[in-house]
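Please read the structure below before turning to the comments.
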Amino acid sequence: MKNTFTLFLAFLLLSPLALRAQECMGVTLKEGSGYELLSYDAKGKENGRMVYKVKKVSKEGPDTVIEMDFETFDKKDKSQMINTFKMRCNGNEMRLDASSMMPQGQEKQFESFDMTFTSKDIVYPANLSVGQTLPDGSLHGEGSAGPMSMTMDTEFVNRKVEGREKITVPAGTFDTFKITSDMNVNMKTVMKMNMEFSTVSYRSPKVLWDVKTENYRKGKLMGTTVLSKIL
């Protein structure tokens, strides 16, 4: 009887911790939950979708660690890429593996080079405010295909909360914060290639992913993604 009571008491004490471990900045998480996003080209034509699903939620010290499965599909709904990355939450902020921000289809271009990526996480504070500057993030990749080597460096800089807007997407209507940032990509194989992009994203406290994202190059719209389903 004493052992039974001890186990029952331990359950009562640990249950609140277990519940907190299943949350990230007030959003409840469970295996299989996630987000679906649709992608559009510069002309507004749908050209694919992306699905993010929670694979596992665990606790590491003060952090809630979320393993996310990520799959992309082309405009014919054929699977193009499958990957897994991590997010970390500590109640004050969410830290996102920068590899998850790679544009759809780009990783597939690197498959023959057997690339290895390291990331400086992209940080999203739990409490956003207009005028706030957010920390930089980065992604470094290197690999080789036979005698040919490749390095790639992507920097996410000049991240700033510019305003608040109400956004309507297929998943619903959300009150969002408008965040602008610059993405600089430097690649080196036989020759060097430098590309600069700018991004406008809209984030809601109710979801952990961008509700809408617009990508620009030299001021010209290159593509858009919108949240289509909350799974």
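The values are calculated or read from the model by the stated rules, or taken from the named source; none is laboratory data. Note that the coordinates shown come from a computational prediction; the quantities given were computed from them, not determined experimentally. Using ideal geometry, Cβ is built from the backbone for each residue, glycine included, and neighbour counts are taken over all protein chains shown. For the accessible areas, the whole protein counts, side chains as well, though only heavy atoms, and no ligand, DNA or RNA atoms are used. Shrake-Rupley method; radii C 1.70, N 1.55, O 1.52, S 1.80 Å.
Structure summary
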| item | result |
| --- | --- |
| Any hit, the stretch 180-188, residues being under 20 Å from the mean Cα position of the chain (by Cα) and open to solvent by 60 Å² or more (accessible area, probe 1.4 Å) | no |
| In the stretch 24-40, the residues that are open to solvent by less than 50 Å² (accessible area, probe 1.4 Å) and either without any contact (Cβ under 8 Å) to a residue 12 or more places away in the chain or not hydroxyl-bearing (Ser, Thr, Tyr) (or both) | 24, 27, 29, 32, 34, 36, 37, 38 |
| Any chance residue 150 is open to solvent by less than 60 Å² (accessible area, probe 1.4 Å) and more than 21 Å from residue 25 (Cα to Cα) | yes |
| Given (1) of a type in the set (A, V, I, L, M, F, W, C); (2) modelled with pLDDT under 85; (3) loosely packed, with under 13 Cβ neighbours inside 10 Å; (4) under 18 Å from the mean Cα position of the chain (by Cα), index of the condition residue 5 fails | (4) |
| Residue satisfying all of: in the stretch 62-83; open to solvent by 60 Å² or more (accessible area, probe 1.4 Å) and modelled with pLDDT under 90; nearest to residue 125 (Cα to Cα) among these | 62 |
| Residue 20 being more than 22 Å from residue 153 (Cβ to Cβ), touching a strand residue (DSSP E or B) at 6+ places or on another chain (Cβ under 8 Å), at pLDDT below 55 and open to solvent by 50 Å² or more (accessible area, probe 1.4 Å) | yes |
| From 176, 154, residue being among the β-branched types (Val, Ile, Thr), under 16 Å from residue 124 (Cα atoms) and either in contact (Cβ under 8 Å) with a residue 24 or more places away in the chain or not in a strand (DSSP E or B) (or both) | 176 |
| Filter result (at positive phi and touching a Lys or Arg at 6+ places or on another chain (Cβ under 7 Å)) within the stretch 35-51 | 48 |
| Where a residue in the stretch 49-63 is under 15 Å from residue 32 (Cβ atoms) and of a type in the set (A, V, I, L, M) and its partner, wherever it lies, is open to solvent by 20 Å² or more (accessible area, probe 1.4 Å) and at pLDDT below 90, with Cβ under 6 Å and at least six apart | 54/31; 57/22 |
| Candidate set from the stretch 191-206 (those that are under 21 Å from residue 127 (Cα atoms) and surrounded by fewer than 17 Cβ atoms within 10 Å (Cβ to Cβ)); member that is modelled with the highest pLDDT | 205 |
| Counted residues, the stretch 26-56 - those being more than 21 Å from residue 81 (Cβ to Cβ), part of a strand (DSSP E or B) and more than 16 Å from the chain's Cα centre (by Cα) | 1 |
